[in-house]
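The values are calculated or read from the model by the stated rules, or taken from the named source; none is laboratory data. From a predicted model like this one, the values you see are computed outputs, not experimental measurements. Backbone-built Cβ (ideal geometry, glycine too); neighbour counts: all protein chains shown. Each accessible area value is taken on the protein alone, full model and side chains, heavy atoms only, with ligands, DNA and RNA left out. Shrake-Rupley method; radii C 1.70, N 1.55, O 1.52, S 1.80 Å.
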Amino acid sequence: MPKIVILTGAGISAESGLGTFRDEGGLWAQHRIEDVATPEGFARNPQLVVDFYNARRAQAAEASPNAAHVALAQLEAAMPGDVLIVTQNVDGLHEKAGSSNVLHMHGQLDSALCAACDHRWEATLKMTVGQTCPACYQPTARPDIVWFGEIPYYMEEIEMRLSEADIFAAIGTSGNVYPAAGFVQAAAAYGALTVELNLEPSMVVSQFDETHFGPASETVPKWVEGLLKA
Ligand code: APR
């Protein structure tokens with residue numbers, strides 16, 4: 001069975017009602033990145049940042065996976081051990097759809113992180129500023145989100161899995177943010193077949209062997225069906 005690594009971005013959750021970042025009216029049109037997605041922004045105004053992620057956590061809690069998330073969960077079930085999802089999303093929809101082999105390279109809304117001792121724990125729906133860490137008891141809880149300027153999680157494991165991949169697919173991501181936008185180049189260098197499934201061409205579309213344009217809820221189930229028939 002082919003080893004498949006799938007990178008997902010905000011576009012896969014768009015049809016579940018969660019906004020993307022760079023589309024018309026997206027999150028970065030409503031909030032300044034430097035205010036809500038950098039360590040400096042958190043130091044400057046922790047309440048603004050905690051409120052921003054509390055709102056996104058509440059929205060994600062209400063959201064349901066769409067046919068694209070479900071199709072990826074079915075692919076994993078049909079090819080146990082051969083499918084890895086590396087998601088830039090923090091909404092938890094892959095797990096809600098039934099996927100279990102998921103690496104959250106940008107963190108997760110439903111966990112909290114201690115800025116002092118790096119302990120991570122399940123976040124409540126509403127985080128407060130100066131919330132106490134259950135491990136070191138300091139008032140240093142922060143959203144468990146990888147902010148701009150911070151190092152994404154699981155990079156070594158991701159690089160190793162890219163080197164073993166037969167197929168690398170990118171779904172619903174604009175190719176604006178590295179290191180994720182560079183995964184296609186790494187996978188191709190290791191000989192993987194590379195596939196982009198996106199509403200429109202991404203910034204790195206030219207680096208893909210195959211492209212499927214359209215809403216993820218249509219393109220991903222069709223792509224998975226083709227893989228399972230092969
Ligand atoms: N189906 C498929 N693709 C879609 C859909 C859809 N229904 N709707 C939007 N898209 C595509 C858009 O065309 C765009 O290329 O999803 C992509 C979303 O791009 P971004 O908003 O830039 O989101 P993403 O690529 O996930 O951003 C990467 O940037 O700000 C950081 O940490 C943040 O993880 C995020 C990272």
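Summarising the amide proton neighbourhood of Ser111: residues at separation of 5 or more, or on other chains, whose placed amide H is nearer than 5 Å comprise Ala123, Asp144. The stretch between Glu62 and Glu156 holds 30.6 nm of extra length on full extension. This uses 0.36 nm per residue minus the Cα-Cα distance. Close amide-amide hydrogen proximity is noted between His212 and Glu196, Leu197, Asn198, each under 5 Å apart and 5 or more residues distant or on a separate chain (H modeled in the peptide plane; Pro and chain starts excluded). In the context of the full set of protein chains, residues of segment 81-177 present 43 Å² of accessible surface per residue (probe radius 1.4 Å, heavy atoms only). Semi-axis lengths, largest first, of the ellipsoid equivalent to segment 43-166 are 29, 18, 12 Å, with √(5λ) applied to each eigenvalue of the Cα gyration tensor. Here segment 163-230 exposes an accessible surface that is 54 percent carbon and sulfur, computed with a 1.4 Å probe and the other protein chains kept in place.
One way to sum up the overall shape of the chain is the equivalent ellipsoid from its Cα gyration tensor, whose semi-axes run 31, 18, 17 Å, largest first.
For segment 70-78, putting each phi into the Karplus relation 6.51 cos²θ - 1.76 cosθ + 1.60 with θ = phi - 60° gives couplings of 5, 4, 5, 5, 5, 5, 5, 5, 7 Hz, in residue order, rounded to whole numbers and with x for Gly and Pro. Extension gain for Met1 to Thr124 (0.36 nm times residue separation, less C-alpha to C-alpha distance): 40.3 nm. The residue among Leu48, Ala73, Ile33 whose Cα reaches farthest toward the positive pole of the charge dipole of segment 28-114, with charges on the beta-carbon of Lys, Arg, Asp and Glu, is Leu48.
Under a point-charge model restricted to the Cβ atoms of Lys and Arg (+1) and Asp and Glu (-1), what is the dipole moment magnitude of the chain relative to its Cα centre, in debye to the nearest 20?
Details: 13 positive and 28 negative charges, 84 e Å.
For the chain, the charge dipole is close to 400 debye.
Shown is the FRET efficiency for Tyr178 and Gln138, computed with R0 = 30 Å from the Cβ-Cβ distance and rounded to the nearest 0.05: 0.40.
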